[in-house]
Amino acid sequence: MTDAIEVERERGLLTLRLNRPDKKNALTRAMYSHLAEALKQADSDPGINAVLITGSAECFTAGNDIADFIQQPPSGLDSPVFHFMLNLLECRKPVVAAVAGAAVGIGTTMLLHCDLVYVSRDARLRMPFVNLGLCPEFGSSMILPRLLGQARAAELLLFGEGFSGEQAAQWGIATEALGSGEAALSKAREMALRFDELPAEAVRISKQLMKASDRELIRKVIEEEGALFTQRLRSPEALAALTGFIKRH
Ligand code: COA
C-alpha cells in the first residue's frame, strides 16, 4: 500500500485519489497494486455502491511512471499494472472517473473501462504509445476504432495526437465536459453518490449486461496487447524514447 493513493469512504462511495503531485500523479507499480487491491475489495464489499477514480483538479495522471518502465518493466500478466487493468475490467460495481488536466497513456485508456467519465473541458488527453516506441494497451486498439472509427482512432493511436476534454465528451469517451477541474470533480462525486439511492443489485445486473458481450474479447485483446507492449518496452526504439524523457527532466 502506498500513500500516493488516497482512499476515502463516504457513505457507499469509495474514492481512490491519485496523489503524487510532484510527478504529475505518474503511476508506479506500488500505485497499481494499491488500486488493484482497492477495486477488488470494493467489488466484494456489500456496503460499497460505486468507486470514484480521480486525481486533483489540476492533474489526473501522466500515465505510467517512465522510470519504472525502464527499471521495473511489467514482465507478464502477473504484474501490478495488469492486476489493475483486469480488476477494473471485472469490477461489478459502477466506476466513475473525474478527470482534469493531463490524462496521458493509461490515464486515457483506463477511461474506456469506467462507466461514467466527467472531464474538465480543457483536460488534455493523449496516448503517446507509438511516440514512445510502444503500442496501444488496455483494449484501446480495439475499443477506439469501434467508438471513433478507424480514421480518427488512427490519429490518436498512431500519431499520439492529444485532444481536449471537450472533444472526449463529443466523441463519447467522456460522459460530460465541465467548465473547470473543480466542477468535473464535484459533478463526478455527485453522480457517483447517486448510486446510493438506486437498488444495488439492479445496478450490478445492468452493468453486467452492458459489458457482457465484449468482456471476454476485451480481456483477450488486453492480453495480446500486453504481450506486445511488454516486448516493446525492451526494444531499442522504446529504450531510446524513454531514456530521452528521463534525460530531459
Ligand atoms: N513518469 C515519471 N515522471 C513523470 C512522468 C511520468 N510519466 N510525467 C511527468 N513526470 C515528472 C517529470 O519528470 C517532472 O519531475 P521532476 O520535477 O522531478 O523533473 C515532474 O513530473 C513534472 O513534469 P513536467 O513534464 O515538468 O510537467 P508539465 O506540466 O510540463 O507536463 C505532462 C505534464 C504530463 C504533459 C508531461 O510531464 C508528460 O508528457 N509526461 C510524460 C507522459 C508520458 O509519456 N507518459 C507515459 C505514457 S505511456
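A few comments on the model shown:
- Selection of the range 40-66 for residues being within 11 Å of the ligand (Cβ to nearest atom), part of a loop (DSSP other than H, G, I, E, B) and in contact (Cβ under 8 Å) with a residue 60 or more places away in the chain yields Glu58, Phe60.
- Some residue of the range 15-36 being part of a strand (DSSP E or B) and either surrounded by fewer than 16 Cβ atoms within 10 Å (Cβ to Cβ) or charged (D, E, K, R) (or both): yes
- Here Leu156 does not fit the description of being crowded, with 19+ Cβ neighbours inside 10 Å, near the ligand (Cβ under 10 Å from one of its atoms) and either β-branched (Val, Ile, Thr) or more than 20 Å from Leu88 (Cα to Cα) (or both).
- Every condition in (1) without any contact (Cβ under 8 Å) to a residue 40 or more places away in the chain; (2) within 16 Å of the ligand (Cβ to nearest atom); (3) more than 16 Å from the chain's Cα centre (by Cα) is met by Ile205 except one, and the failing one is (2).
- Matching option when the condition is farther than 26 Å from Pro80 by Cβ and among the charged types (D, E, K, R), among Arg126, Arg121: Arg121
- Residues in the range 222-239 that are within 14 Å of the ligand (Cβ to nearest atom) and over 27 Å from Leu86 (Cα atoms): Glu237 only.
- The residues of the range 25-54 that are under 16 Å from Asp78 (Cβ atoms) and of a type in the set (Gly, Ala, Ser), listed by number, are Ala30, Ser33, Ala36.
- Lone unmet requirement of (1) within 14 Å of the ligand (Cβ to nearest atom); (2) without any contact (Cβ under 8 Å) to a residue 24 or more places away in the chain for Gly149: (1)
- Hey, Glu137 modelled with pLDDT of 95 or more, of a type in the set (D, E, K, R) and within 15 Å of the ligand (Cβ to nearest atom) or not: yes
- The lone exception for Gln41 - which of (1) touching a helix residue (DSSP H, G or I) at 6+ places or on another chain (Cβ under 8 Å); (2) more than 18 Å from Ala98 (Cβ to Cβ); (3) not hydrophobic (A, V, I, L, M, F, W, C) it fails: (1)
- Complete set of residues in the range 152-185 that are assigned to a loop (DSSP other than H, G, I, E, B) and either in contact (Cβ under 8 Å) with a residue 60 or more places away in the chain or within 17 Å of Ala97 (Cα to Cα) (or both): Gly172, Ile173, Ala174, Thr175, Gly179, Ser180
- Any hit, the range 103-120, residues being surrounded by fewer than 23 Cβ atoms within 10 Å (Cβ to Cβ), within 11 Å of the ligand (Cβ to nearest atom), over 11 Å from the mean Cα position of the chain (by Cα) and not charged (D, E, K, R): no
- The single condition among (1) surrounded by fewer than 22 Cβ atoms within 10 Å (Cβ to Cβ); (2) under 14 Å from the mean Cα position of the chain (by Cα) that Asp45 does not meet is (2).
The values are calculated or read from the model by the stated rules, or taken from the named source; none is laboratory data. Values in this document were obtained by computation on a predicted structure and should not be read as measured data. Note: ideal-geometry Cβ built from the backbone for every residue, glycine included; neighbour counts use all protein chains shown.
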